[in-house]
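K.L.:
Quick one: the structure is below, questions incoming.
The values are calculated or read from the model by the stated rules, or taken from the named source; none is laboratory data. Computed from a predicted structure; not experimentally measured. Neighbour counts are summed over all protein chains in view; Cβ atoms, including those assigned to glycine, are modelled from backbone coordinates with ideal geometry. Note: areas computed on protein heavy atoms with side chains; ligands, DNA, RNA excluded. Shrake-Rupley method; radii C 1.70, N 1.55, O 1.52, S 1.80 Å.
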Amino acid sequence: MPKNNQSTYAETVKKSKNVKDRNEFKSPVSEQVREDAVKEIIFSSIEKNNKVIEELDIALSKGTSKAMSSHVILRLAATNIDLRISKEITPSQKRNLLFNISLPLELLIQDFDSNWWPLISNVWTGFNSKKKANGDSSHTYTCRLTKHNQSSTRKEGIPSNKRRKTKIRPSHFVHNITSLTFIRNKYNGRLTFPTIFYTMNPSVSPATNIDLRISKEITPSQKRNLLFNISLPLELLIQDFDSNWWPLISNVWTGFNSKKKANGDSSHTYTCRLTKHNQSSTRKEGIPSNKRRKTKIRPSHLCFAKIKVQKFVAEGKVCVERFENSPDHTHSLEESDKVKRPQAIRNLVEQEAIKNYRPPAILNAVKEYAAETMDLKSSVKELRLKEVTNIKYKVRGTLDAHLIGSSEREKNIQESIFFLEQQKYQVERYMISNKFTHGFVFIHQKQIENLEKYGWLTLIDSTHKTNRYDYRLFTLYIRNGYSCWDVGAHFFVSNENSDTIAEALKIIRQFAPHWKPRYFLQD
């Protein structure tokens, strides 16, 4: 039908004063004309609202308008469908309008609950809701075909004639999970659909897609710069992101909050490590300087940068983007490296620590490899020997756990004595009853000869943390005929008090009766 006929129909519907006149007018007109006319009415209302919004933006930019509440702006942006227009729209058209919402709608609550929602209630299912103190409420609905979790499988061994006839509906049927949100306003009796969300992958189209081929061509240094100040959203594979991207920048960002959905998708917000919301506590007064711990105080509120990392399990992708209205970092990447080293550098140290090299050798090897192979010279230059030593202690502590022995102390001591006797050591166990301490002495025949011959000068030393029971290992050293220090005897004690150590020396004197020490040295 020509366009002028549609306009004439729309104008006549607007001018009609009662339902009877409108019904009489619309009877000879086809259904397609009515549908086009109703659409024209709705879109004309949208154009008016857009003009109001433009005028509001201009007024706010000039500072001539007072602040308006958010629900007023939502009402201006929504397409207002009053009772008259609502009655002109057929139930089929109402279902289509609420199925795929392209523009916000505003309706009366009573009209929505009675004439709109019952028509489409089978499509949407509740996701979450919020209710305010003033009676307003906000509800989010997701498509019923979403079904986050898969159905459970049938039990085996049940005869077919006894099985219930059930149907299994597949999960994640809708590729883009559609969520419908509407707000109820208690005072004006209106209901607004402010927006429609596509939450499965909201940033796929504007994000920069980095596949494995491109990722391998980017150097580690370039990856760090891309994840430091994020100018455009990035899309990566989850495995590639967790293995090759995030370990390079983990020292810059620290967790702020996180959300996990029923389908496995997650959203994490990270803030700059230099943000430090709370100030450091002050030192206590009256403590001497030689007894104070050497600590550094890092100032707070240095940077407010944030990023958002969204993981979509079904697609196997990660979207990294700047958090809403987040500023750039107020410092350089090198400043973050001074506070903490990235996980990629710590992983290199752990790999070298497994080989049980000395910490200085590990430090030199990691610095050389990171600078020449991984292009991380600026990041690894802040690595210190003390940090390497601590990492090695953690790694080797777990690897050497089998050397500690049984958790039962008595059984462990008996096994140790049995092993020493097999190695032709003379062993004697003793206990100091008044001190509740005990220990055992072990000495070899060759050590007895050296102790009796060169023991006029004896050095005694103790070693800590050789076992889980905190027994101290004492060793006697003598200076042999080659002017070298050699072992004279050993003993384990549960405590370092004088009575326990004196008893051990007496037992050694019994094993070596010709040992006559003139000088004892201790460190």
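K.L.:
Within region 197-230, count every residue that is modelled with pLDDT under 85, charged (D, E, K, R) and open to solvent by less than 70 Å² (accessible area, probe 1.4 Å).
P.N.:
Residues meeting the conditions: 1.
K.L.:
Taking the conditions exactly as written (in contact (Cβ under 8 Å) with a residue 60 or more places away in the chain and among the acidic types (Asp, Glu)), does Asp486 satisfy them or not?
P.N.:
Details: in contact (Cβ under 8 Å) with a residue 60 or more places away in the chain: no; among the acidic types (Asp, Glu): yes.
Spelling it out, it is not the case that Asp486 is in contact (Cβ under 8 Å) with a residue 60 or more places away in the chain and among the acidic types (Asp, Glu).
K.L.:
Among the residues of region 214-264 satisfying the criterion of being free of Cβ contacts under 8 Å to residues at least 12 places away in the same chain and either assigned to a loop (DSSP other than H, G, I, E, B) or of a type in the set (Lys, Arg) (or both), which is farthest from Glu321 (Cα to Cα)?
P.N.:
Lys216
K.L.:
Related question: Evaluate the following for Arg479: is it open to solvent by 60 Å² or more (accessible area, probe 1.4 Å), in contact with a helix residue (DSSP H, G or I) (Cβ under 7 Å, 6 or more places away or on another chain), touching a residue at least 12 places away in the same chain (Cβ under 8 Å) and not hydroxyl-bearing (Ser, Thr, Tyr)? Give the steps one after another, and end with the answer.
P.N.:
Working: open to solvent by 60 Å² or more (accessible area, probe 1.4 Å): yes; in contact with a helix residue (DSSP H, G or I) (Cβ under 7 Å, 6 or more places away or on another chain): yes; touching a residue at least 12 places away in the same chain (Cβ under 8 Å): yes; not hydroxyl-bearing (Ser, Thr, Tyr): yes.
For Arg479, the condition - open to solvent by 60 Å² or more (accessible area, probe 1.4 Å), in contact with a helix residue (DSSP H, G or I) (Cβ under 7 Å, 6 or more places away or on another chain), touching a residue at least 12 places away in the same chain (Cβ under 8 Å) and not hydroxyl-bearing (Ser, Thr, Tyr) - is met.
K.L.:
Which number in (1) outside any helix (DSSP H, G or I); (2) out of contact with any Asp or Glu (no Cβ under 7 Å at 6 or more places or on another chain); (3) at pLDDT 90 or above marks the one condition that Lys284 misses?
P.N.:
(3)
K.L.:
Mind checking which residues of region 340-364 are over 24 Å from Leu274 (Cβ atoms), open to solvent by 40 Å² or more (accessible area, probe 1.4 Å) and part of a helix (DSSP H, G or I)?
P.N.:
Listed by number, the residues that qualify are Glu350, Gln351, Pro360, Ala361, Asn364.
K.L.:
Six or more apart or on different chains, Cβ under 8 Å: which pairs go from a residue in region 271-293 that's touching a residue at least 60 places away in the same chain (Cβ under 8 Å) to one that's outside any loop (DSSP other than H, G, I, E, B) and open to solvent by 70 Å² or more (accessible area, probe 1.4 Å)? Could you list them?
P.N.:
Leu274/Glu335
K.L.:
Going by the structure shown, is Ser250 small (Gly, Ala, Ser), modelled with pLDDT of 90 or more and surrounded by 17 or more Cβ atoms within 10 Å (Cβ to Cβ)? Before the answer, list the steps.
P.N.:
Details: small (Gly, Ala, Ser): yes; modelled with pLDDT of 90 or more: yes; surrounded by 17 or more Cβ atoms within 10 Å (Cβ to Cβ): yes.
Considered against the rule, which asks whether it is small (Gly, Ala, Ser), modelled with pLDDT of 90 or more and surrounded by 17 or more Cβ atoms within 10 Å (Cβ to Cβ), Ser250 comes out as yes.
K.L.:
Taking interchain pairs and intrachain pairs at least six residues apart, which have beta carbon atoms under 7 angstrom, with the first residue in region 370-382 and on the phi > 0 side of the Ramachandran plot and the second surrounded by fewer than 17 Cβ atoms within 10 Å (Cβ to Cβ)?
P.N.:
Sorted first by the residue in region 370-382, then by its partner, the pairs are Asp375/Thr219; Asp375/Ser221.
K.L.:
Taking the condition in contact with an Asp or Glu (Cβ under 9 Å, 6 or more places away or on another chain), of a type in the set (Asp, Glu), within 26 Å of Leu521 (Cβ to Cβ) and modelled with pLDDT of 90 or more, does Asp461 pass? Explain how you work it out, then say what you get.
P.N.:
Working: in contact with an Asp or Glu (Cβ under 9 Å, 6 or more places away or on another chain): yes; of a type in the set (Asp, Glu): yes; within 26 Å of Leu521 (Cβ to Cβ): yes; modelled with pLDDT of 90 or more: yes.
Considered against the rule, which asks whether it is in contact with an Asp or Glu (Cβ under 9 Å, 6 or more places away or on another chain), of a type in the set (Asp, Glu), within 26 Å of Leu521 (Cβ to Cβ) and modelled with pLDDT of 90 or more, Asp461 comes out as yes.
K.L.:
Provide a single number: the residues in region 270-297 that are open to solvent by 80 Å² or more (accessible area, probe 1.4 Å) and among the basic types (Lys, Arg).
P.N.:
Number satisfying all stated conditions: 6.
K.L.:
Then there is this: Could you please find all residues in region 299-312 being of a type outside the set (Gly, Ala, Ser) and either modelled with pLDDT of 90 or more or buried (at least 20 other Cβ atoms within 10 Å of the Cβ) (or both)? So that I can check it myself, show each step before the final result.
P.N.:
First, pick out the residues of region 299-312 that are of a type outside the set (Gly, Ala, Ser): 299, 301-304, 306-312.
Across region 299-312, the qualifying residues are Lys306, Ile307, Lys308, Val309, Gln310, Lys311, Phe312.
K.L.:
Looking at the structure I just gave you, is Arg322 modelled with pLDDT of 90 or more and open to solvent by 50 Å² or more (accessible area, probe 1.4 Å)? If you could, list the steps in order and put the result at the bottom.
P.N.:
Values: modelled with pLDDT of 90 or more: yes; open to solvent by 50 Å² or more (accessible area, probe 1.4 Å): yes.
So Arg322 fits the description; yes.
K.L.:
Do we find that Gln423 is more than 26 Å from Arg468 (Cβ to Cβ) and surrounded by fewer than 16 Cβ atoms within 10 Å (Cβ to Cβ) in this structure? Outline the logic, then answer.
P.N.:
Values: more than 26 Å from Arg468 (Cβ to Cβ): no; surrounded by fewer than 16 Cβ atoms within 10 Å (Cβ to Cβ): yes.
In short, no.
K.L.:
Sticking with this one: Pick from Asp499, Asp523: which is acidic (Asp, Glu), open to solvent by 80 Å² or more (accessible area, probe 1.4 Å) and touching a residue at least 24 places away in the same chain (Cβ under 8 Å)? Give the steps one after another, and end with the answer.
P.N.:
Details: Asp499 fails: open to solvent by 80 Å² or more (accessible area, probe 1.4 Å).
Every option except Asp523 fails the conditions.
K.L.:
If Ser243 satisfies all but one of (1) under 14 Å from Ile210 (Cα atoms); (2) open to solvent by 70 Å² or more (accessible area, probe 1.4 Å), what's the number of the condition it fails?
P.N.:
Failed condition: (1).
K.L.:
From the residues in region 481-503 that are modelled with pLDDT of 90 or more and more than 56 Å from the chain's Cα centre (by Cα), which one is farthest from Arg429 (Cα to Cα)?
P.N.:
Cys484
K.L.:
Which one of these is at pLDDT 80 or above, in contact with a His (Cβ under 7 Å, 6 or more places away or on another chain) and within 30 Å of Ala262 (Cβ to Cβ): Ser129, Ser121? Let's see the steps before the verdict.
P.N.:
Values: Ser121 fails: in contact with a His (Cβ under 7 Å, 6 or more places away or on another chain).
Unique residue meeting the criteria: Ser129.
K.L.:
Quick one: is Asn149 at pLDDT below 70 and in a loop (DSSP other than H, G, I, E, B)?
P.N.:
On the way: at pLDDT below 70: yes; in a loop (DSSP other than H, G, I, E, B): yes.
Yes; evaluated as a whole, the condition is true for this residue.
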